[in-house]
Amino acid sequence: MSKDIIEEFTSREYEHGWTTNIEVDAAPKGLNEEIIRFISAKKNEPEWLLEWRLKAYRQWTRMKEPTWPNVKYPPIDYQDIIYYAAPKQKARPESLEDVDPELLKTFEKLGISLVEQKRLTGVAVDAVIDSVSVATTFKETLAELGIIFCSFSEAVQKHPDLVRKYMGSVVPVNDNYFAALNSAVFTDGSFCYIPKGVRCPMELSTYFRINAANTGQFERTLIIADEGSYVSYLEGCTAPMRDEHQLHAAVVEIYAMKNAHVKYSTVQNWYPGDKEGKGGIYNFVTKRGLCAGEHSKISWTQVETGSAITWKYPSCILKGDYSSGEFYSVAVTNNYQQADTGTKMIHIGKGTRSRIVSKGISAGHSQNSYRGQVHVLKRAEGARNFSQCDSLLMGDKCGAHTFPYIDVENNTAHIEHEATTSKIGEDQIFYCQQRGIDEESAVALIVNGYAREVLKQLPMEFAVEAQKLLALTLEGSVG
Amino acid sequence: MTTNAIDTNPTLLGVSSGAIDSIPSLATLRDETFRHLQEVGFPGPKNEEYKYTPLTRALEKLSLDDQEGTGTVNLADYAIPDLDATVVAFVNEKCVTSLPETEGLIVKPLQEALSEGKGINHFAKIVDAQSDAFVAWNTLAWTYGFYIEVPAGKTLTKPLVILHVSDGAVRKAARNLIVVGRNAQCTVIQMFASTGKGASYVNVVTEGFVDENARLDLYAIQADMPGQIQFNQTRVLQKDNSRVNSYAFTLGGKLVRNNLALALDGQGCESHMYGLYLLNGDTHADNHTVVDHIKPNSFSNELYKGIMDDTSRGVFNGKIYVRPNAQKTNAFQSNRNILLSTDAKVNTKPQLEIWADDVKCSHGCTTGQIDEDALFYLMARGIPRSTARAMLLYAFAGETIDAVSLPPVQQYLAQRVSQRLQRNDF
């Protein structure tokens, strides 16, 4: 009954696929120590950071690309990537008026009008295009509270002590292949510091856009939440439609001190490639939060709809006693998309708690995997975890996979895990139809209900976008 | 699966003396398997399948030099009371009972059967000799085991018990092939035991073929085998409307690895897998199960429970595969664990891999401890703490025992488990 609808759904185009004509300042293709020195010099970086990058690069050359994820892709030629591309502009803009109007138009087209956002929604945005951060809004308002929210390069210049102390403290240089690569060549990103006892009054947001061809985007985000602070952080991403694959290897580090609470939300909508699986972004991201202090909390929420391949495990290291971690995820794959995503919850401290809710939806020829680990170490008295990972299948050519690892070394731990896989119930659709709701709306209703637990975790501004995105991809696609 | 080649010379592990050498028609298989094993070696600690179970290392460290057998094995010690069964017993590699003569049923040493061409179509076809290094080693090294054929339409009233006793330090490999014809039924119980506390290494591979409308009940009871390292691989291929019940009870041993795989290559199949691992001391038990739904409309259900005390470690890995055209599959899996001591560990990985959309699949797993409220409830009614504890643990473990279809076996297991639980040292 659903063939046409599935076809209609699978033939839908990516709506952020346009490019902008902005002049770029780029490094030559390829990766070697020279390029790293070039990037570092471009960014006017201190000596220690260059050393750090070179160390990471040397580590990387000794590492092997991981083969364990449940994804398939042709080998990546790391010498065929441009590691630095920046929109050409005279100097770092002081206010939005100085920003290249083309750039502003780009973000407006994406629905993130920086000017408008500044006026209306009260979300502070750091916009990153290709390799560099182009604009950060609301800086002054935040500065009054002592909050530092700026691009990573600016932080390196203005707050080197903080950067030096915390960079790599959560995701070490040699953590994994892509984290090492990122550490060597990262070009920009966002930096955020919330001082002791401050509750950040607005959502902080970074918007990533890959524009130039053949470039890789390697950004780095560092969030430091000092004692008793709170921040909610949003991240969004899009890229133009190109036939070749582009690499996005980001690192996000969150450091939460005593009683701090960080909420990190992502709506990932990188270009997923076309119907035949041509093009699209390889999204190989390392995201990790460290609950260093007692009673700290880190909460990850992600809505993953884009990317040809997603390889991403936002994790929490629950080191502080009574700290807690959360992971809420909706991952949608269609056509030839492949997603291998999940989380790691490492319980180290006493009384640590974690909660995992993962909802996968796969359609077309896509493969959607949940891979997660709950590890309770010996010292973690009274640790508690609840995991739920559900998969919804639409069409008979897609796959849904679950790889949960549960390692318990403490006998007072309570660990629960459950997973289900099914298609949308025909009886549910029938029930709706019987009450005068047409099939399309019924499916939208059911899918929304299915993903609700995760969507409700998103901040208002994002929840709307995410719901639209879900509705766009899923309405009427009955399995 | 990537295998880390390591420096374990397969000949050191006794490859050169297997029964397969005497069967000319299997010479190619032997050579290929040998080459393969030499190439990949035994799995190292980085191998995903053996990540938590260092079987290779345990075997490398195993010393089998100075332990004499007792020479006297009393088979009655291992009998299941009231069970009217056909028993064949092996002490080390030697059959110490006469071969059963059940009408219509063929039970023969596998070597003899294969030499006559019987079972040659199934041997090493159900279990892929190259899928696992220990299976490969078994293929090269097995010296005893049975070919069991239940002809079409035949229902075996008496279960067949194969008793594997290790006396003293031994290293041995056994291979069984069970072929159950159309509309036939049979029950095979494999029991493992070792005398004394000495080290031994037993590698058993059992292949099963269950034809249309047939039924096979398989038991593995690993109870009285202190010091034993065991690798036990079972794979059963099921045809239309067949049914397989598998039971694995691990109550002892030093290091036990059970690989159970059911391939549901037919419609309307039903498979049930029950397992209980009740571990103490430094026992390490690992259950890897795979249910492969190849055709539509089948049902599988799996329940594994574990209780770990002292420094023991339980590992569970359950995979459910649903192939692209296996629509209308219902597959369920549950793994529940209790840790009793601060040094006990459990690693569990329930895994679903699904390529068909019209399915209902679920898995669940929990790890916890005895419910203090329930304990208090019982104690408030005058039941001593230790008894209350045993009752609660039995209630937890009993679910797998209740599923046993043969009453005498059920009683035997119930008694053994509750005895263990009542002993305060557990």
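Bear in mind these aren't lab numbers, they're just calculated from the coordinates by the rules spelled out. It should be emphasised that the depicted structure is a prediction, and the values quoted were computed from it without experimental measurement. Note: ideal-geometry Cβ built from the backbone for every residue, glycine included; neighbour counts use all protein chains shown.
Treating r as the C-beta distance of residue A:41 and residue A:396 and R0 as 60 Å, the FRET efficiency rounds to 0.65.
Positive contributions from Lys and Arg (+1) and negative ones from Asp and Glu (-1), summed over other residues with Cβ under 15 Å from the Cβ of residue B:380, come out at 0.
At 222 nm, what helix-only mean residue ellipticity would the protein assembly as shown give, in deg cm²/dmol to the nearest 500, using -39500 (n - 2.57) for each DSSP H run of four or more? My calculation for the protein assembly as shown gives -6500 deg cm²/dmol from helical runs alone.
Label-to-label distance for residue B:385 and residue B:358 is 5.7 nm, based on points extended 7 Å past Cα in the beta-carbon direction.
Around residue A:433, what is the net charge, scoring Lys/Arg as +1 and Asp/Glu as -1 over all other residues with Cβ under 13 Å from its Cβ? Net charge in that neighbourhood comes out at -4.
Using a cut-off of 28 Å between Cα atoms, the listed pairs A:165/A:319; A:312/B:319; A:312/A:468; A:456/B:305; A:158/A:456 include A:456/B:305; A:158/A:456 as exceeding that distance.
Between residue A:68 and residue B:155, what's the calculated FRET efficiency when r is the beta-carbon distance and R0 is 45 Å? Round to 0.05. Show your work: numbers first, answer last.
Working: r = 47 Å, r/R0 = 1.04.
It comes out at approximately 0.45.
The alpha-carbon of residue B:197 sits under 18 angstrom from the alpha-carbons of these lysines, leaving out residues fewer than 8 places away in its chain: B:61, B:172, B:254.
Residue B:136 sits among other residues whose Cβ lies under 13 Å from its own Cβ, and their net charge, with Lys and Arg +1 and Asp and Glu -1, is -2.
Indicate the gyration tensor shape class of region B:39-148 (rounded, prolate or oblate), computed on the Cα atoms with a ≥ b ≥ c the square roots of the eigenvalues: a/c under 1.5 is rounded; otherwise a/b larger than b/c is prolate and the rest oblate.
Working: a/c = 2.21, a/b = 1.31, b/c = 1.68.
Oblate is the answer for region B:39-148, as a/c is 1.5 or above yet b/c matches or exceeds a/b.
Per residue of A:394-400, other chain Cβ atoms within 10 Å of the residue Cβ number 5 on average.
Determine the shape class of chain B: with a ≥ b ≥ c the square roots of the Cα gyration tensor eigenvalues, call it rounded for a/c under 1.5, and otherwise prolate if a/b is greater than b/c, oblate otherwise. Rounded. Net charge dipole, the protein assembly as shown: roughly 1360 debye, given to the nearest 20, about the Cα centre with Cβ charges of +1 for Lys and Arg and -1 for Asp and Glu.
Beta bridges from DSSP with both residues in region B:97-248: antiparallel share about 10 percent, rounded to the nearest 5. Secondary structure note: in the protein assembly as shown, about 10% of the DSSP beta bridges are antiparallel. Take every DSSP beta bridge whose two residues both sit in region B:10-265; close to 10 percent of them are antiparallel. Given their separation in residues at 0.36 nm each and the Cα-Cα distance between them, residue A:355 and residue A:158 gain 67.2 nm when the chain is fully extended.
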